[in-house]
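Trainee: Structure provided below as structure tokens; questions to follow.
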Amino acid sequence: KRAAGMGNIFGPSEPELKASEENMPKRHQIIEDTLLPLFDTMADDFENATDRQSTLCSALATVLVKTFSIRNTQAISNIEKIPMFVSKEKKREKIFGLRVLKKNLTVKGHNF
């Protein structure tokens, strides 16, 4: 669609994308303007989402954290609610000698 001249409808222009390859603040600004609104709409209805939508939301959360290293506090609070694909389990079985019950998040029959 970019080649057909409709690229500006779907995001930043081609020269702006080329300039953001070397400029990290510009890259983060494009990510925050393009991907974060999409993620927010997906995360708002995560519990009622279809399998496809919940998988896309988890994948987008994983990419935002692991690849793009998002530091936006509002986005991070939303991302913490969504299970990610490459996250390690946190071992919190004992804290100060006390046993803590382990919480498992179950979404549509899948344990995270």
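The values are calculated or read from the model by the stated rules, or taken from the named source; none is laboratory data. No experiment lies behind these values; they were computed from the predicted model shown. Remember, those area values only see protein heavy atoms, side chains included, never the ligands or the DNA or RNA. Shrake-Rupley method; radii C 1.70, N 1.55, O 1.52, S 1.80 Å.
Trainee: Rounded to the nearest 10 Å², what accessible area does D44 show when all protein chains are kept and the probe is 1.4 Å?
Mentor: Rounded to the nearest 10, that gives 120 Å².
Trainee: Given a 1.4 Å probe and heavy atoms of the protein chains only, how would you sort V86, V65, V107, largest accessible area at the top?
Mentor: V86, V65, V107
Trainee: For a quick check of understanding: with a 1.4 angstrom probe and all protein chains in place, what accessible area in square angstrom does M24 have, to the nearest ten?
Mentor: Only protein atoms counted, so the area is about 90 Å².
Trainee: Report the gain in length on full extension from S77 to D45: 0.36 nm times residue separation, minus Cα-Cα distance, nm rounded to one decimal.
Mentor: 10.0 nm
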